[in-house]
1. With angles folded into 0 to 90 degrees, how steeply does helix 47-56 sit against the dominant principal axis of the chain? Use alpha carbons for both and round to 10.
2. For Cα pairs less than 8 Å apart in space and 6+ apart in sequence, what is the mean separation divided by the residue count of the range 31-87, i.e. the relative contact order in percent?
3. Carbon and sulfur atoms: what percent of the 1.4 Å accessible area of the range 36-98 do they account for?
4. Modelled label-to-label distance, residue 115 and residue 91, 7 Å Cα→beta-carbon offset: nm?
5. Before anything else, pin down the relative contact order of the chain: Cα pairs under 8 Å, at least 6 apart, normalised by residue count, whole percent.
6. Would you mind computing, in nm to one decimal, how far apart the modelled labels at residue 61 and residue 46 are, each placed 7 Å from Cα along Cα→Cβ?
7. Computed on alpha carbon atoms, what radius of gyration and Dmax characterise the range 1-145, expressed in Å?
8. Most mobile of 92, 36, 55 per a Gaussian network model of the chain (Cα springs, under 10 Å)?
Amino acid sequence: ALIDWSYELLTQPERMLFRRLSVFAGGIALDAAEAVAAGDDLDRMDVLDVIARLVEKSLVMLDVDRARYRLLETVREYAAEWLESSGEGRTVRDRHLLYYVALTESTWPELFGPAQAKALARLDFERENLLAAHAWCDHADDGVELGVRLVHALKSYWINRGLAELFYRLAVE
């Protein structure tokens, strides 16, 4: 009831961003929020302002040390229900998948050079989102291709982190 009350007080852009942030598992980097949640009636340049208002209203949490946002799990589930009822769930999840495919493919070369530690840390922060993106491949258009690209780009990461078994399980799926 409390979350319902808070949701009813939100402006339309705040509701839209709140719903769309529910596709993120774990934390949310600002660039990811801008890429995934912007669109239609929410401009990419407005995401920071709107997410700051959601933080002020305690619907989104800010992890200052990691410069990341997150939703408490119960709040995320509530927002996900609104996302599905809005009819934009598939579109936002597709953007989430495409964002993480692009992120992993752009990070892949860094896993083999002097920027390796930074690349590994970024992927560590995104691990839950990477798994969520992979899980969506079963439902996405071109999901097979995108899933293969995601798994391929992450192969070295999983092995480097001692998670080869997880890599194998994802590759077989």
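1. So the helix axis and the longest Cα principal axis differ by about 60 degrees.
2. With pairs under 8 Å counted, the relative contact order is 17 percent.
3. The value for the range 36-98 is 50 percent carbon and sulfur by accessible area.
4. Taking the simple label geometry, residue 115 and residue 91 are separated by 3.2 nm.
5. 22
6. 2.8
7. Radius of gyration, then largest Cα-Cα span, for the range 1-145: 15.3, 51 Å.
8. Comparing 92, 36, 55 in a Gaussian network model of the chain, the most mobile one is 55.
The values are calculated or read from the model by the stated rules, or taken from the named source; none is laboratory data. Everything quoted here is computed from the prediction, not taken from an experiment. Cβ atoms come from the backbone with ideal geometry, glycine included; neighbour counts cover every protein chain shown. Calculation scope for accessible area: heavy atoms of the full protein, side chains included, ligands and nucleic acids excluded. Shrake-Rupley method; radii C 1.70, N 1.55, O 1.52, S 1.80 Å.
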